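Below: one structure in structure tokens.
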Amino acid sequence: MNESVALGGVSPPGTPLFRARGITKVYYPGTETEVRALDGVDLDLYEGELAVLLGASGSGKSTLLNILGGLDVPSEGTLSYRDEELAGADERQLTLFRRNVAGFVFQFYNLIPSLTARENVALITEIALDPMAPEEALALVGLSDRMDHFPSQLSGGQQQRVAIARAIAKRPEVLLCDEPTGALDVHTGINVLEAIERVNRELGTLAVIITHNAAIAAMADRVLSLSAGRILSIRSNERRAPVNTLSW
């Protein structure tokens, strides 16, 4: 897809962090019949951008996010991050990319129940190259007063914010969020999205949120709509809507 045509205007300035061309992902789930999860995706993503990948279940959003994050590789196409080619990277290169560049937030929090919020975040800071302190990461998501609580003592939204703090504690250049509000009510979901927006704004982290909820699109710089493994449209918002004004 020619992005300038899809946007109806000029692409964001600067050199893209991610540059994907012709990304295709084909699965063969136990049969000879192929499942084409992605079908020729062209995509640029930029430093400091907040992008929303919008689409129904089965549209290819999670597959694309996994490939961007080095959790999976495309069947065809090219994908570069800065000057590094990821599509043909080996497992060691992908491991280093995941460890040093990308932070992940999933729908389910994956916290360790026997560890406090501070200790859950510290698991990442102990292996990162240039981490922030767990206390700093938790403060950034508004949990300064919950650092020594266990997951069972936290609400769902607070647990998700711990997961965000864990993801950002290594100072990732990219924050990839897969349906981060999918298991939350509206009020709690807004708190989580505010935490993601704050990380994007204050740290300059490229943030990519995938969702089926069209209302979330208003908070983004750009909205990429997917269907059947293809990007149907890319549009820019003239300005980001404040998260607390989103209407679900």
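Read the figures in this text as sums done on the coordinates, not as results from a lab. The structure presented is a predicted model; accordingly, all values stated were derived computationally and were not measured. In this analysis, Cβ positions are derived from the backbone assuming ideal geometry, glycine residues included, and neighbour counts consider all displayed protein chains.
Run the numbers on the chain and let me know its relative contact order in percent, using alpha-carbon pairs under 8 Å that are six or more apart.
26 percent
When the Cα centres of segment 117-185 and segment 48-81 are compared, how far apart do they sit, in Å?
Going from one Cα centre to the other spans 23 Å.
In the chain, what percentage of the DSSP-assigned beta bridges are antiparallel, given to the nearest 5? Please report the intermediate quantities before stating the final value.
Values: 21 of 39 bridges.
So the antiparallel bridges amount to about 55 percent of the total.
In the chain, once you exclude exposed trypsin sites (Lys or Arg not before Pro) (DSSP loop, at most 15 other Cβ within 10 angstrom), what's the longest stretch remaining? Show your work: numbers first, answer last.
Details: sites that count: 82, 239, 240.
Between the exposed loop sites, the longest stretch runs 83-238.
How big is the charge dipole of the chain about its Cα centre, in debye rounded to the nearest 20, if each Lys and Arg gets +1 on its Cβ and each Asp and Glu gets -1 on its Cβ?
Roughly 320 debye, rounded to the nearest 20.
Would you kindly state the longest site-free stretch of the chain, with sites defined as GluC sites (Glu not before Pro) in a DSSP loop (not H, G, I, E, B) surrounded by at most 11 other Cβ atoms within 10 Å?
127-237
What 222 nm value per residue comes from the helices of the chain, counting each DSSP H run with n ≥ 4 as -39,500 (n - 2.57) and dividing by all residues, nearest 500 deg cm²/dmol? Provide the component values of the computation, followed by the final result.
Values: 7 runs with 70 residues, N = 248.
Value at 222 nm, helices only: -8500 deg cm²/dmol.
Once both axes come from the Cα atoms, what is the angle between helix 91-100 and the longest principal axis of the chain, in degrees from 0 to 90, rounded to 10?
It works out to around 50 degrees.
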